[in-house]
Every structure is written in C-alpha cells, then in structure tokens.
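Quick notes on the structure that follows.
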Amino acid sequence: MKKKTIMNADDVLDQIKAAFLKEGPIEGSWINFEKQPLRKFAVTSQGYTGGITRTEDGQLITYEFLADAKTGTVLDIQRSIID
C-alpha cells in the first residue's frame, strides 16, 4: 500500500519561494504551520496558507496562497496591493 505523506510547511514555502524567485526578488514570506482541511466536492485533503511579498513597479504586492500539504502544489493564489 502506498504511504500518504504530508510535506513539511517549511519545504512547501521553500518550493513556492523558489518559483517566485525565478521572476525576481522577494521582500518576505510566511506560512501557517497549522494545516487546514480542504474539500472540493467529494475530494478532501489538507493545505497550508501563506504569503509572499515583493515590490513590483514601485508598489508592495502580496500574494496569499493555499497549497496542498501532500504535494506542495499551489491550489489558489490571491494578489493584492499593500497601501
């Protein structure tokens, strides 16, 4: 039987930061170490929430994400400008 493993929150954040760093520098990052239950129709899983902050065109931008705890895949991301 295949063992189901959960990724460490730090590893998930490192994976997401690496993707953002390919496009340019980041100012900061964070992740919530407490997993939250996810459900999309009949599929259930667990996920981490977190964020990346960077400067784009002279404005501070934050990207808040929801990532699958098993794979580290970003399931949702919201971009917003920090005033």
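Given a 1.4 Å probe and every protein chain left where it sits, what share in percent of the accessible area of the chain is carbon and sulfur?
Roughly 51 percent, rounded to a whole number.
Mind listing which chymotrypsin sites (Phe, Trp or Tyr not before Pro) in segment 26-83 are in a DSSP loop and have 12 or fewer other Cβ atoms within 10 Å?
Qualifying residues, ordered by number: 33, 41.
Roughly how tilted is helix 9-21, in degrees to the nearest 10 and between 0 and 90, from the longest Cα axis of the chain?
With rounding to tens, the tilt is 40 degrees.
Amide H neighbours of residue 47 under 5 Å, at least 5 residues apart or on other chains, H built in the peptide plane: list them.
When sequence neighbours closer than 5 places are left aside, the close amide H contacts are 36, 38, 69.
Sequence gap at least 6, Cα distance under 8 Å: using those rules, report the relative contact order of the chain to the nearest whole percent. Don't skip to the answer; put the middle values down first.
Values: 145 pairs, mean separation 21.9, N = 83.
It comes to 26 percent, rounded to a whole number.
I'd like to check one number: the per residue accessible area of the chain, probe 1.4 Å, reported in Å² as a whole number.
72
For the residue pair residue 43 and residue 26, what label-to-label distance in nm results when each label sits 7 Å from Cα along the Cα-to-beta-carbon direction?
Taking the two extended label points, one gets 2.4 nm.
Quick one: Karplus J couplings for segment 60-66, per residue in order, coefficients 6.51, -1.76, 1.60, θ = phi - 60°, nearest Hz, x for Gly and Pro?
Karplus-based 3J(HN,Hα) across segment 60-66 equals 7, 10, 10, 10, 9, 10, 10 Hz.
If I stretch the segment between residue 70 and residue 8 completely, what's the gain in nm (0.36 nm per residue apart, minus their alpha carbon distance), one decimal?
21.4 nm
The values are calculated or read from the model by the stated rules, or taken from the named source; none is laboratory data. Predicted model only: the values in this text are computed from it and were never measured. Heads up, the Cβs are rebuilt from the backbone with ideal geometry, glycines too, and the neighbour counts pull from every protein chain shown. Accessible surface is based on the protein model in full, side chains and every heavy atom, while ligands, DNA and RNA are left aside. Shrake-Rupley method; radii C 1.70, N 1.55, O 1.52, S 1.80 Å.
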